[in-house]
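The values are calculated or read from the model by the stated rules, or taken from the named source; none is laboratory data. A quick note: this is a predicted structure, and the numbers were derived from the prediction, not measured. Cβ sites come from the backbone with ideal geometry, for glycine too, and all protein chains shown count toward neighbours. The protein model used for the area step is the full one, side chains on, heavy atoms only, and it has no ligands, DNA or RNA in it. Shrake-Rupley method; radii C 1.70, N 1.55, O 1.52, S 1.80 Å.
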Amino acid sequence: MENLFSIGEVTKIKEVSIKALRYYHKMGILVPRYIDPTTGYRYYSLDQFIYIDVIKGCRSFGTSIKELQEIFKESNTDKLIEFLQLKRKEAENNLKQVKEVIQNIDNLNKSVESSKEILNQDQIVIQFIEKRYVLTAPCREAGSLKELLYYSELEKIIRSQQRKMTMERGILYILNAEGKLEPRYVFHGFEGDESAEADSYVQILPEGRYVTLAYRKENEVERVKKVLDYIEKNNLNVKNVIEIELYNDLFDTESYGCQIQMRIGNDEMD
């Protein structure tokens, strides 16, 4: 028929299934321009193609059939545009969430690869580390079940602060007068800037030169002693002691990997 397209032609031109077109007809959303009384074949006009575009777009936004019924029942262009603007806003929010998921996946991938590289380093390394921002919760024991309770308290703080967190977390220690490490805080890093200020939850880990060494559960005691001996032998002034969790194996619950970082300085300048 002149200026009319069969349902088969419409499916090819507009990339929509015959089943969908029949369903839209049944629900009163898109009624064919002409139905052959003898064969029952459906035919659509060219001006109805824009309706198909609108329906497909709305459905991709998660628009319900009931909402579409209301839109096409009113046949009001202004209300349609208003509705589409709302859906556009929803799509922007969804896109933001998707980007955040992708970013989190990328960050995890980088952390795993970085953790593997760090664990492959058997020697003490002195490296410069940039300033870091962390949320903290008090911790008085490390390496026991109580450590999980401290992290649980930290999670509550993270939820209350609503900051964009990084993958870095671990324990902050002090080096006591006897040369032994004492845990003080569990921490989780967040993306901060110069406007961030230290408070009861926020600590700023200074940039500087850090003595670092990685270890696993199996050689933790030996490696930590190696670092402490190095500090004593070289008469280094330790300012901060940080233990970073490594993400080299996310499924091995029997072991773990960490890197100890000790910031060094001098009393006159630091």
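Accessible surface of Ser144, taken over heavy atoms with a 1.4 Å probe and every protein chain present, rounds to 40 Å². Here Lys79 is the anchor, and the lysines within straight C-alpha reach of less than 16 Å, apart from those fewer than 8 places off in the same chain, are Lys66, Lys87, Lys89.
Under 12 Å of direct C-alpha separation, and excluding same-chain neighbours fewer than eight residues apart, Lys156 reaches no aspartates and glutamates at all.
Taken about its Cα centre, the range 47-186 carries a charge dipole of roughly 260 debye when the Cβ of each Lys and Arg holds +1 and the Cβ of each Asp and Glu holds -1. Distance from the C-alpha centroid of the range 201-270 to that of the range 41-119: 47 Å, rounded to the whole angstrom. As a fraction of the 1.4 Å probe accessible area of the range 195-267, surface on carbon and sulfur atoms comes out at 46 percent.
Under unit Cβ charges (Lys, Arg +1; Asp, Glu -1), what dipole magnitude, rounded to 20 debye, does the range 1-111 have relative to its Cα centre?
Values: 18 positive and 15 negative charges, 70 e Å.
Using only the charged Cβ atoms, the result is roughly 340 debye.
Give the calculated FRET efficiency between Ile18 and Lys164 to the nearest 0.05, with a Förster radius of 51 Å applied to their Cβ-Cβ distance.
Details: r = 47 Å, r/R0 = 0.92.
Efficiency at R0 = 51 Å is approximately 0.60.
Of the residues Leu30, Val134, Tyr41, the one whose Cα sits farthest toward the positive end of the charge dipole of the range 17-148, with +1 on the Cβ of Lys and Arg and -1 on the Cβ of Asp and Glu, is Tyr41.
Might you tell me the accessible area per residue for the chain, computed with a 1.4 Å probe and given in Å²?
Details: 17470 Å² over 270 residues.
Per-residue accessible area for the chain comes out at 65 Å².
To the nearest ten degrees, helix 146-161 and the longest principal axis of the Cα atoms of the chain are 50 degrees apart.
Note on Glu178 and Ile65: with the Förster distance fixed at 51 Å, the Cβ-Cβ geometry gives a FRET efficiency of about 0.10. Ordered by solvent-accessible area of protein heavy atoms (1.4 Å probe), largest first, the residues Met262, Met167 come out as Met167, Met262.
Once you have all Cα-Cα distances for the chain, histogram them in 10 Å bins from zero and send the whole-percent values. For the chain, the pair-distance distribution reads 6, 21, 21, 11, 9, 11, 11, 7, 2, 0. Along each principal axis, taking the top coordinate minus the bottom one, the Cα set of the range 62-152 gives 73, 30, 24 Å in descending order.
With +1 on the Cβ of every Lys and Arg and -1 on the Cβ of every Asp and Glu, and nothing else charged, how large is the dipole of the chain about its Cα centre, in debye rounded to the nearest 20?
Values: 39 positive and 45 negative charges, 261 e Å.
Taking the Cα centre of the chain as origin, the dipole is about 1260 debye.
Listed by chain and number, the lysines placed with their C-alpha closer than 20 angstrom to that of Lys217 are Lys116, Lys146, Lys180, Lys225, Lys226; residues fewer than eight positions away on the same chain are left out. For the options Arg209, Arg132, Arg33, a Gaussian network treatment of the chain with springs between C-alpha atoms closer than 10 Å singles out Arg33 as fluctuating the most.
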